[in-house]
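See structure below.
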Amino acid sequence: MILLSKEATMEIQSYQNQAELLLKEYLLADSFIPYTSVICGIFACKMVYDLTQLFSSVYFKSYLILSKVQRNEWNNRSISTVHAIFITVMSLYFVFWSNLYSDNRYAGMIMFRSSALSTFTLGVSVGYFLADIGMIIWFYPSLGGIEYVIHHFLSLTAVAYSMMTGEGQLYTFMVLISETTTPGINLRWYLDTAGMKRSRAYLINGVVIFVTWLVARILLFMYLFYHVYLHFDQVKVFLDCHLSVNLLSYNCFIVTFSTKQVKLVHSYGLLLIFVVPFILSVMNLMWFGKIIKGLRKTLAKRQ
């Protein structure tokens, strides 16, 4: 019995070592982190969806009387709420508390700093956007109209590019802080669905949404563009350095190819840093106008 026990222990230890090797050398290797994190994000969405369905059917009586479309939206909003909490916490950490993007840290230009953790975090967010935009298209238009499709497509493109290249991750996290408003928006839908539209909680929720939207989607975007302005010289330096190295190191044909490649990457970087946040900021302003109108109506009914 003792011999069998030792053999079993050794076999278990062997499997454990193989699992750790697989995790370290493949799944969490730098080159595999983007793909691993995206898969983790998709599976996390599926898990939250199933758990929400199970939990809600047991503890919320109103859930059972909802239509199939409303149940899908109920479950979908729980996914976006969990993702919003996760990405807001991680984004706040990277932007304001981590030394990765600190101006006092001598680790290369701030535009191109990244780490395994920052890349993994963005990958989880990419997995969420893939799952969510898939659901929006599948159940279109019950989970959102064309503006949601455009918003998710722009977000998915920008986050995926930043994850794969390591460029502009700081500004990607700044934009993702805007997900702070998502839990409040979802809570408002839950209150409305539960028949609590005239409750005090619904009014307080409207005020909270107004404040968080103003801070996270209006003022923060203004800070983002100001931060880009302060550090824009780093993009020029990066481009000039790469062109100089190419001219010194390669023949004419490869110089031409490398120059085009650097310009291509540079163009995508500019698209990520300027165009996508600008379009999102315009959409945020449009939605903010709707929030103000809705809050005015709610306050008018209270008087």
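Odds and ends about this structure:
- For the range 123-154, the set of residues classified as among the small types (Gly, Ala, Ser) and at pLDDT 90 or above consists of Gly123, Ser125, Gly127, Ala131, Gly134, listed by residue number.
- Any chance Asn246 is at pLDDT 85 or above, in a helix (DSSP H, G or I), out of contact with any His (no Cβ under 9 Å at 6 or more places or on another chain) and surrounded by 16 or more Cβ atoms within 10 Å (Cβ to Cβ): no
- The range 132-160 - residue that is more than 20 Å from Leu280 (Cβ to Cβ) and among the small types (Gly, Ala, Ser) and, of those, farthest from the chain's Cα centre (by Cα): Ser142
- For the range 131-145, the criterion of being within 29 Å of Leu220 (Cβ to Cβ), in contact with a Phe, Trp or Tyr (Cβ under 8 Å, 6 or more places away or on another chain) and either free of Cβ contacts under 8 Å to residues at least 12 places away in the same chain or surrounded by 13 or more Cβ atoms within 10 Å (Cβ to Cβ) (or both) is met by at least one residue.
- Scanning the range 188-208 for residues that are touching a residue at least 60 places away in the same chain (Cβ under 8 Å) and in a helix (DSSP H, G or I) yields Trp189, Tyr190, Thr193, Tyr202, Leu203, Gly206, Val207.
- Candidates in the range 173-222 are the residues that are basic (Lys, Arg) and out of contact with any Gly (no Cβ under 8 Å at 6 or more places or on another chain); of these, the one that is nearest to Asp132 (Cα to Cα) is Arg217.
- Scanning the range 54-77 for residues that are free of Cβ contacts under 8 Å to residues at least 60 places away in the same chain, open to solvent by less than 90 Å² (accessible area, probe 1.4 Å) and within 18 Å of Pro141 (Cβ to Cβ) returns Ser67, Arg71, Asn75.
The values are calculated or read from the model by the stated rules, or taken from the named source; none is laboratory data. These figures come from a predicted structure and were not determined experimentally. Neighbour counts are summed over all protein chains in view; Cβ atoms, including those assigned to glycine, are modelled from backbone coordinates with ideal geometry. SASA here: full protein model, heavy atoms, side chains in, ligands and nucleic acids out. Shrake-Rupley method; radii C 1.70, N 1.55, O 1.52, S 1.80 Å.
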